[in-house]
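Take a look at the structure set out below.
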Amino acid sequence: MRVRKARLPDAAAIHGLIRSLSYDGTLLPRSSAEIYENVRDFTIAETDNGEFLGCGALHLYGPHLAEIRSIAVDEKSQRHGSGGRLVEALLAEAESHNVPCVCLFTRIPNFFQHFGFAQVERTALPDKIYKDCANCPRINACDEIAMARGVLPDIAILGPAHVEEHLVPLQL
Ligand SMILES: CC(C)(COP(=O)(O)OP(=O)(O)OC[C@H]1O[C@@H](n2cnc3c(N)ncnc32)[C@H](O)[C@@H]1OP(=O)(O)O)[C@@H](O)C(=O)NCCC(=O)NCCS
């Protein structure tokens, strides 16, 4: 098994896996257009023969924060190390960008604890809230746990007024 950055031809397999896990809310649904547009965020795991096993994405908010998203391994290939290799590759990618904090929202915190993530208050991650939670129908009934690894950000780049050009001081 090996992990590598995704390329455009991987988009269909990535979309199929994410779609299969989004019906029950395990993963956030992502359209094929969104996968194509963001395919460079993705890393995939595959067999030595090139058979697709799983994927994960690293979304960069800015110099202060990145997020692991859409991480999944095909059900028949789980528990053989692919998920862990994907997390490690995404963490290395965040480090290569000098991003001091990586966050995620999950229902399986025990898996991510293996890789140094700890539970945090979701209010510590306002960019994530503005990007996804603000438009989510389950905003007041969310059962996901916010986790982070590294130094929590004291700035945010997104906001209600979509102030995207400048990092703004955090005001909660
Ligand atoms: C979560 C997921 C990506 C893990 O992939 P995987 O290939 O099975 O994981 P690995 O085999 O690399 O496991 C790494 C470690 O995590 C543990 N682990 C795996 N799945 C776990 C889970 N659901 N809960 C707790 N620990 C888990 C393994 O036992 C292993 O521990 P060990 O090294 O002490 O043996 C996979 O189960 C999956 O695709 N789940 C459905 C999608 C999902 O829930 N994604 C997360 C959304 S936030």
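The values are calculated or read from the model by the stated rules, or taken from the named source; none is laboratory data. Predicted, not measured: the structure shown is a model, and the values here were computed from it. We place every Cβ from the backbone using ideal geometry, glycine too, and count neighbours over all the protein chains shown.
Kindly establish whether Glu164 is of a type outside the set (Gly, Ala, Ser), farther than 20 Å from Leu28 by Cβ and at pLDDT below 95.
Answer is yes for this residue.
Restricting to the stretch 99-132, what's the tally of residues that are buried (at least 17 other Cβ atoms within 10 Å of the Cβ), among the hydrophobic types (A, V, I, L, M, F, W, C) and within 8 Å of the ligand (Cβ to nearest atom)?
3
Residues are listed down the side, and each one gets a yes or a no for (1) loosely packed, with under 14 Cβ neighbours inside 10 Å; (2) closer than 22 Å to Ser77 by Cα:
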position	(1), (2)
Pro9	yes, yes
Ala13	no, yes
Ser20	no, yes
Asp24	yes, yes
Leu28	no, yes
Ala33	yes, no
Asn38	no, no
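Is it true that Glu95 is at pLDDT below 95, surrounded by fewer than 16 Cβ atoms within 10 Å (Cβ to Cβ) and within 17 Å of His64 (Cα to Cα)?
no
Identify the single condition in (1) at pLDDT 95 or above; (2) in a helix (DSSP H, G or I) that Ile129 does not satisfy, given that it satisfies every other one.
That leaves (1) as the condition not met.
With the checklist (1) part of a loop (DSSP other than H, G, I, E, B); (2) among the β-branched types (Val, Ile, Thr); (3) within 13 Å of the ligand (Cβ to nearest atom) in hand, flag the one item Val87 doesn't pass.
(1)
Which of the residues spanning the stretch 84-111 are aromatic (Phe, Trp, Tyr) and in contact (Cβ under 8 Å) with a residue 40 or more places away in the chain?
Phe105
Taking the stretch 67-89, which residues are buried (at least 19 other Cβ atoms within 10 Å of the Cβ) and in contact with a helix residue (DSSP H, G or I) (Cβ under 9 Å, 6 or more places away or on another chain)?
Result: Glu67, Ile68, Arg69, Ser70, Ile71, Ala72, Val73, Gly83, Val87.
Among the strands (runs of 3 or more DSSP E) lying completely within the stretch 2-76, list those that include at least 2 residues that are in contact with a Phe, Trp or Tyr (Cβ under 9 Å, 6 or more places away or on another chain), small (Gly, Ala, Ser) and over 22 Å from Glu144 (Cα atoms).
Filter on the stretch 2-76 gives an empty set.
Inspect the stretch 52-59 for any residue being at pLDDT 95 or above and either out of contact with any Ser or Thr (no Cβ under 8 Å at 6 or more places or on another chain) or exposed (fewer than 13 other Cβ atoms within 10 Å of the Cβ) (or both) and give the result as yes or no.
The answer is yes; a qualifying residue exists.
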